[in-house]
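Below is one structure, written out as structure tokens; the observations come after it.
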Amino acid sequence: MDVLHVSGNAKLKGVVKAQGAKNAMTKLLVASLLSNKRCLFHNVPNIGDVEITVNLCKEIGSEVTWDRKQGTLEIITRDLKTSYIPQRFSGANRIPILMIGALLGRTSEDIIIPTVGGDAIGNRTVDFHIAALTKLGATIEYREMKKEGAYLAHAHNGLKGNIIKLPYPSIGATENSILAGVRASGHTVICNAAIEPEIVDLILFLQKLGANISIESDRSIHIEGTQTCYEVEHTVLTDRIEAASFAMVALATHGKVFVEGAQHQYMISFLNKIRELGGGFAVKQNGIEFFSQGPLRGGQLIETDVHPGFMTDWQQPYAVLLTQAEGASVIHETVYDNRFGYTAMLKKMGADIELFHKCLGNKPCRFALQNYQHSIIVKGKTPLQGCEISIPDLRAGFAYVMAGLVAKGQTIIHGMPFLDRGYANLVEKLQGLGADVKRLKTLPDTTPVTPILPPVSSPKKKEKVPV
């Protein structure tokens, strides 16, 4: 198993190119299953989650040609050879559940999908997915199979358009509803839909594919069902999470980094907070340059939210950034109920972070009075000290890398598969900016460190949190 050795005290400078968006490309591959026509993608990230999704598609009959070096991928699914996703994909990532929406429109046979996986960042149920697809005429049930759970779904009489009202703008439930709605007969309306840039990218792809689909100003998505499909050539939008990650590294190390491909319109809420913090940025024709302008100023309130709010996937490295800012700041997590487990290791490195069950913010929050630790106060500026760390999830993994880059001494990070899921060539990119990082093989007698997680109280009333 590989480990990452990180040494701090280097000002990162240079140019780095942001990859295609993980959260767009994986869903686009699933969307291609709606068609029996050729789909060609550009700007495809060479990451673990894309590889898992490619293997899922191949399992059911897709033919895939992937040029990892050029970042192009061609896929065509002429016929489905099966509608059963094997249990070995159980827990791999969150993609299998989206297969239901896509496959319901391609087959009248029973569909079997293993239980969902992904990072341990909170209770993410599929209730919204099931309720939405049921409104379109699908029958879905959960069964225990081979000592593991699976979802059985079918629409023997076909899907029919309907009005879907999501209780929360869940990204996954919105995507599943869109995929099913494209092949449903008649008109489908998704109310209170998620409108993240990655979902807009999915809609653009589906329109090229043949769908009649639009986003209205009231967060509703309208779809006219179709059975006609066309060949598609599509360029995946840039990963705004990776772009922000390198931006925060630049500011934390008092450096200067140009992120090629960073798109201004998708990072507005992030850029506002960076400027408020005292960091500098300049929007250029083909990206955004981030640079230090002196000491960082704390006293911030960060509240995560659905788009166009501050992304939940930005908050982990941002917490590290706040440890290097003067004053106390608050992060209020409103999207997931258990996303501060990573802070225990930051505290071990010297960070001054305190967790709270209360909502320390102004936004309406589904976790109010639910006894979840979903707010933190970060006090800075505090020096960090390198140590040995085990990664609990993808975004926490980058936060640990960033902490290592500002810490004294060496930080040894276990759990590289988490980072490989979402960041392509991370070590090479950081080295290109001047970081002292090395990816090494562990010795045979090396045992990865178990992460120390903060105690989590059992909620009085369990709230189901959507994808």
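The values are calculated or read from the model by the stated rules, or taken from the named source; none is laboratory data. Owing to the predicted nature of the structure, the values given are computational and were not obtained by experimental measurement. Please note: Cβ atoms are built from the backbone with ideal geometry, for glycine as well, and neighbour counts cover all protein chains shown.
Among residues belonging to the range 376-432 that are among the hydrophobic types (A, V, I, L, M, F, W, C) and touching a Pro at 6+ places or on another chain (Cβ under 6 Å), point out the one that is surrounded by the fewest Cβ atoms within 10 Å (Cβ to Cβ). If we take residues in the range 376-432 being among the hydrophobic types (A, V, I, L, M, F, W, C) and touching a Pro at 6+ places or on another chain (Cβ under 6 Å), then 424 is surrounded by the fewest Cβ atoms within 10 Å (Cβ to Cβ).
Just wondering, is there one or more residues in the range 62-73 that are closer than 15 Å to residue 102 by Cα and not in a loop (DSSP other than H, G, I, E, B)? Scanning the range 62-73, I find no residue that is closer than 15 Å to residue 102 by Cα and not in a loop (DSSP other than H, G, I, E, B), so the answer is no.
The residues of the range 135-188 that are more than 18 Å from residue 98 (Cα to Cα) and among the aliphatic types (A, V, I, L, M), listed by number, are 145, 163.
Hey, does the range 244-261 have a residue that's outside any helix (DSSP H, G or I) and closer than 29 Å to residue 168 by Cα?
No; the residues of the range 244-261 include none that is outside any helix (DSSP H, G or I) and closer than 29 Å to residue 168 by Cα.
If you take the residues in the range 90-113 that are crowded, with 18+ Cβ neighbours inside 10 Å and more than 18 Å from residue 175 (Cβ to Cβ), which one is modelled with the lowest pLDDT? Give the derivation first.
Of all residues in the range 90-113, those crowded, with 18+ Cβ neighbours inside 10 Å come to 90, 92-106, 111-113.
Then keep just the ones that are more than 18 Å from residue 175 (Cβ to Cβ); that gives 90, 112.
Working: 90: 63, 112: 92.
Taking the candidates together, the pick is 90.
Yes or no, residue by residue, for (1) closer than 21 Å to residue 433 by Cα; (2) free of Cβ contacts under 8 Å to residues at least 60 places away in the same chain; (3) in the same structural domain as residue 176 (by TED's automatic domain parsing); (4) buried (at least 24 other Cβ atoms within 10 Å of the Cβ):
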| residue | (1), (2), (3), (4) |
| --- | --- |
| 13 | yes, no, no, no |
| 36 | no, no, yes, no |
| 40 | no, no, yes, no |
| 46 | yes, no, yes, no |
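For the range 371-393, what are the residues that are assigned to a loop (DSSP other than H, G, I, E, B), among the charged types (D, E, K, R) and more than 19 Å from residue 300 (Cα to Cα)? Please lay out each step first, then the result.
Narrowing the range 371-393 to residues assigned to a loop (DSSP other than H, G, I, E, B): 371-374, 381-384, 386-387, 391-393.
Those still in the list that are among the charged types (D, E, K, R) too: 381, 393.
Passing the criteria: only 393.
Go through the range 323-343 and give me each residue that's surrounded by fewer than 24 Cβ atoms within 10 Å (Cβ to Cβ), within 28 Å of residue 170 (Cα to Cα) and among the aliphatic types (A, V, I, L, M). Selection gives 330 alone. Just one residue in the set 403, 399, 435, 407 is at pLDDT 95 or above, touching a Cys at 6+ places or on another chain (Cβ under 9 Å) and aliphatic (A, V, I, L, M); that residue is 407.
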